[in-house]
Each structure stands twice: as C-alpha cells, then as structure tokens.
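Novice: Dumping the structure here so I can ask a few things about it.
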C-alpha cells in the first residue's frame, strides 16, 4: 500500500489555515479503478504557487509518467498568476511538466506495477499540506463502459443496503 497522511494535524488538534484542497479530479474515480495512492510533493515556481492558492488550476486532463527514475505530472494546467501579467512575464509555461517528489523506493514500486500490470498514474487531488503543495497520485486501471455501469450498480446496492439497515435500527 502507498502512503497517505491522515489529514489530521500532528499536534493539539488545531487545523493549519494553510491546509486546503485546491482541486479534485472527480472524473478519475469514475473512469479508473483506484488500486493504490501516494502523496507526492510538487516542484513549482513562485507564480505557480500563487496561482494554486487562488485555485487557478485544471487537473482533469493530467496524468503521471515515469522517466529515468523520476515521476512527472503532464497535462496539469496552472494559469499564470494574475498580477504578473502574461505567461512570458511570469516566467512559466502554464502546461509545462511538473516534477513530483517521491522516495526512490516508491518510484521503483510504481514503475514495476505500471510495467507489469499496464496501469496508469492519475492525480486525484491537489492540495496544500503545511503550506506545501501536494498531489494525491493514484495507481489506477482504466474502466470500460460496462465496468462503470457495474460500479454504479454496486454503489447503489450498497446505499440501499445501508438505508435498509438504518431503517431497521430506528425501529
């Protein structure tokens, strides 16, 4: 299993005001069967961080790729920061590949599973944790149209069972 923080602050139970979700990839859980997740840091430039804080990001079309022992996030669009003028003035290309920070052993494990099982690296969410930009990266298998219908049917059956049990407990 990959590593994922619990999302709870370490000391005293107080939440850090810098912790918040910037973007989620809602299509990912519908189009892919998520097998494993990791939390990875992002290598960003100053204007990109400021744009992220303003939620000027599109995560839906992005995916991960492993090249030479490094994990890259491709297709992530971070709009240029509004006060810096154009993309050229801010010094960053909105669609440039972003490097992800992971332990070498995690990268090796991901790479082996991608090669062996033909899986995909899909970002699920982009958020700040302790003031640092993080991405929740999933190792996933693509779902066909029939698989999506089956997943929806299972979800509906589980909801109905939960409702029936809740009604029974109330009596």
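The values are calculated or read from the model by the stated rules, or taken from the named source; none is laboratory data. It should be emphasised that the depicted structure is a prediction, and the values quoted were computed from it without experimental measurement. All Cβ positions, even for glycine, are placed from backbone atoms using ideal geometry, and neighbour counts span all protein chains on display.
Novice: Under the condition of being assigned to a loop (DSSP other than H, G, I, E, B) and in contact with a strand residue (DSSP E or B) (Cβ under 7 Å, 6 or more places away or on another chain), which residue from the stretch 110-146 is modelled with the highest pLDDT?
Specialist: 119
Novice: To continue, here is another question. Of all the residues that make up the stretch 59-97, how many are out of contact with any strand residue (DSSP E or B) (no Cβ under 9 Å at 6 or more places or on another chain), surrounded by 16 or more Cβ atoms within 10 Å (Cβ to Cβ), outside any loop (DSSP other than H, G, I, E, B) and at pLDDT 80 or above?
Specialist: The qualifying residues number 0.
Novice: Residues of the stretch 49-58 being in contact with a strand residue (DSSP E or B) (Cβ under 6 Å, 6 or more places away or on another chain), farther than 18 Å from residue 137 by Cβ and not in a loop (DSSP other than H, G, I, E, B), which ones?
Specialist: Of everything in the stretch 49-58, just one residue is in contact with a strand residue (DSSP E or B) (Cβ under 6 Å, 6 or more places away or on another chain), farther than 18 Å from residue 137 by Cβ and not in a loop (DSSP other than H, G, I, E, B), namely 51.
Novice: Can you list residue pairs whose Cβ atoms sit under 6 Å apart, with the first residue in the stretch 64-85 being under 14 Å from residue 121 (Cβ atoms) and the second being exposed (fewer than 14 other Cβ atoms within 10 Å of the Cβ) and at pLDDT below 90? Count only pairs 6 or more apart in sequence or on different chains.
Specialist: 75/61
Novice: Given the condition touching a helix residue (DSSP H, G or I) at 6+ places or on another chain (Cβ under 9 Å) and closer than 22 Å to residue 57 by Cα, answer yes or no: does some residue in the stretch 148-157 qualify?
Specialist: The answer is no, given that none of the residues of the stretch 148-157 is touching a helix residue (DSSP H, G or I) at 6+ places or on another chain (Cβ under 9 Å) and closer than 22 Å to residue 57 by Cα.
Novice: Additional query: What are the pairs, 6+ residues apart or on separate chains, where a residue within the stretch 131-158 that is farther than 22 Å from residue 116 by Cα has its Cβ under 8 Å from a residue that is in a helix (DSSP H, G or I) and modelled with pLDDT of 80 or more?
Specialist: Cβ pairs passing all conditions: 133/49; 133/52; 148/30; 148/31; 151/30.
Novice: Give 119, 126 a once-over and let me know the one that is over 11 Å from the mean Cα position of the chain (by Cα) and within 14 Å of residue 28 (Cα to Cα). Before you say what the answer is, go through the steps one by one.
Specialist: Working: 126 fails: over 11 Å from the mean Cα position of the chain (by Cα).
Sole residue among the options that is over 11 Å from the mean Cα position of the chain (by Cα) and within 14 Å of residue 28 (Cα to Cα): 119.
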